[in-house]
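The values are calculated or read from the model by the stated rules, or taken from the named source; none is laboratory data. Just so it is clear, the model here is predicted, and its values are computed rather than measured. Every residue, glycine as well, gets a Cβ built from its backbone with ideal geometry; the counts of neighbours run over all protein chains shown.
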Amino acid sequence: MSPTAPNDPAADRGSATGPVRHRGRTAVAVALVVIGLLVSPFAVVSAWARSTLTDTDRFVATYAPLADDPAVQAFLTDQVVAAVDQAVDIDQLTNDLVDGLVQLGAGPRTTAALEALRPTAVQAIDGLMRSRTEAFIDSDAFAAVWREALRATHTQATATLAGDPGAVVVGSNDGTLTVQLRPIVAAVRDRLVAQGFALAARVPDIDRQVEVATVQQLPSLRLGYELVLMTGAWLAPIGLAFVVGGVLVAVRRRRAVAVAAVGEVVAMAVLAVGVAVARAVAVSQAPASVPGAVVRAFLTAATAPMVATSVTVALVAVLVAVAVWVTGPAPAAVRVRRRAHTLVGAVAGGPAGGRIPDAPEPRADEEDGR
């Protein structure tokens, strides 16, 4: 009977602790990567909101193209004409004019003709006011006025959200958060007067307002504004740090990079879907005084930078995933590398088809973790 070899406690401990150590590292790596991926959509939204809320020039550049949007132009035309009608009683002016002509001693036929012209004259003045307003809003000169209105709106809205008691955005009596259209009305009036439409000179400076939100929502808006200011600058670096940390801790880093890249694509896709849903909800809940097409145009312009950022991040993640796969040990990846090597050699006119590595050499800890 042959002697039994004594047990080696050190070897037993090593073989037992190896898998445990790898499982622990894997769990930590998964947790870090998941946290980073969960943070990434919020980082994109927070960075977008911070740049939009705090940078007036960026805000103006975002919404300036809406000056050429047909739905926005039609909406602004309606607002200006309504403001003028509210400030100037065209019916009364027409009646005063006709009454004055009658009092001058016009004959019966002339008087009857003037009386018949009352409604026609009112319609003609209204039509002229609208057509001139439409022509101005459709002109290049309106773009500068629109930018001025946007700049004033952003400055006042930021002051309101920051709690500045001197802010004048909140201006209506029914408790609504409003935006001033005064620069546009004033510009239209001056343009009409310059074109010889003397009646426009009767239009005073009008503080025409468009409802944005209720004042009851203002505390929540201010809280969101403060959160954006706090998180917009550092949320993205923190999310990236979690992902990088998870990759560094992982036993199989190549696989961790691929999983993180695919997860980032999924996260950006979820963000894009969320933006689309939020836009649809916002349009459905828009004030009745604002057409849905106008709200949709504003929301599309507002979220375009965020969508562009998410698409860019997703494309970078796809490129990273492809690079990891192409340089990996998969048979298909090896064939791709060989064909690429052959193609490069043929294009360069040199020898082609030399041996290339089938796969990168595995690290020791990756070999142990298999």
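Data table
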{"read-out": "Hits in region 303-344 (condition: outside any helix (DSSP H, G or I) and of a type outside the set (Gly, Ala, Ser))", "value": "Thr327, Pro329"}
{"read-out": "So Val320, is it touching a Gly at 6+ places or on another chain (Cβ under 7 Å) and of a type in the set (Val, Ile, Thr)", "value": "no"}
{"read-out": "Test for Arg254: is it part of a helix (DSSP H, G or I), at pLDDT 85 or above, of a type in the set (Lys, Arg) and farther than 19 Å from Asp55 by Cβ", "value": "yes"}
{"read-out": "Count of region 303-315 residues which are more than 15 Å from the chain's Cα centre (by Cα) and without any contact (Cβ under 8 Å) to a residue 40 or more places away in the chain", "value": "1"}
{"read-out": "Test for Thr300: is it polar (S, T, N, Q) and over 19 Å from the mean Cα position of the chain (by Cα)", "value": "no"}
{"read-out": "Some residue of region 216-232 being within 17 Å of the chain's Cα centre (by Cα), at pLDDT below 90, of a type in the set (Phe, Trp, Tyr) and in a helix (DSSP H, G or I)", "value": "yes"}
{"read-out": "Within region 50-67, tally of residues that are exposed (fewer than 15 other Cβ atoms within 10 Å of the Cβ) and in contact (Cβ under 8 Å) with a residue 60 or more places away in the chain", "value": "1"}
{"read-out": "Region 177-197: number of residues that are modelled with pLDDT under 75 and of a type in the set (S, T, N, Q)", "value": "2"}
{"read-out": "Residue check, Val72 within 23 Å of Ala293 (Cβ to Cβ), among the hydrophobic types (A, V, I, L, M, F, W, C), modelled with pLDDT of 85 or more and assigned to a helix (DSSP H, G or I)", "value": "yes"}
{"read-out": "In region 329-364, the residues that are exposed (fewer than 13 other Cβ atoms within 10 Å of the Cβ), modelled with pLDDT under 80 and more than 27 Å from Arg252 (Cα to Cα)", "value": "Val344, Ala346, Val347, Ala348, Gly349, Gly350, Pro351, Gly353, Gly354"}
{"read-out": "Cβ-Cβ under 8 Å pairs, at least 6 apart or on other chains, region 286-302 side assigned to a loop (DSSP other than H, G, I, E, B), far side modelled with pLDDT under 85 and among the hydrophobic types (A, V, I, L, M, F, W, C)", "value": "Ala286/Val295; Ser289/Val210; Val290/Val210"}
